[in-house]
Amino acid sequence: AFAEAGIEVAFRGKDENEEGYIVKNNGEYKVKEGAVVVKVDPRYFRPTEVDLLIGDATKAKEKLGWTPKYSLAEMSRLVETNNAQIVQLNSFYDEANGSLVVTLKLNRDEAGAIIATFQRYDYQVLHYFGNSPLNNDIEDHYHHLMNYLDV
């Protein structure tokens with residue numbers, strides 16, 4: 001972000017004492033060279049680091065009647081039935097549309113069959129990054145159907 005603004009930042013220190021400071025400024029923004037602009041804020045440290053965090057949705061079920069529509073165990077099963085494994089999983093809650101967005105990193109580059117499996121089970125696949133393109137729009141399906149009906 002600093003580079004986009006024409007500001008060169010360097011870092012010094014280590015771990016929680018690391019800080020970023022201005023090395024060079026093109027003058028567009030009034031930030032003095034040598035000024036510290038990035039620091040670690042100890043307010044965001046966890047009191048104790050744990051190896052395993054386990055959530056419990058019991059309260060949401062009891063008070064709100066909420067039950068999950070999807071599960072991570074099911075997602076893992078769907079990936080593994082396609083002879084692949086989840087290497088990394090990240091998630092965040094998208095407040096704009098009220099949904100949990102899950103990002104999976106798989107041990108395979110070609111994930112077309114896995115994506116098709118997720119879609120069969122009503123998962124919404126937002127993006128796909130890999131070596132082969134994913135063609136999954138209505139027009140493409142329509143053309144395939146028309147070709148099939150011509151046979």
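The values are calculated or read from the model by the stated rules, or taken from the named source; none is laboratory data. In this text, all values refer to a predicted model and were calculated from it rather than measured experimentally. Here the Cβ positions follow ideal geometry from the backbone for every residue, glycine too, while neighbour counts run over all protein chains shown.
Of the conditions (1) surrounded by 12 or more Cβ atoms within 10 Å (Cβ to Cβ); (2) modelled with pLDDT of 90 or more, R108 fails just one. Which one is it?
Tallying (1) surrounded by 12 or more Cβ atoms within 10 Å (Cβ to Cβ); (2) modelled with pLDDT of 90 or more, R108 fails exactly one: (2).
Looking only at the range 1-47, how many residues end up being in contact with a Phe, Trp or Tyr (Cβ under 6 Å, 6 or more places away or on another chain) and of a type in the set (F, W, Y)?
Total meeting the criteria: 0.
Residues in the range 127-151 that are under 21 Å from Q88 (Cβ atoms) and either surrounded by 10 or more Cβ atoms within 10 Å (Cβ to Cβ) or at pLDDT 85 or above (or both): how many?
Residues that pass the stated criteria total 4.
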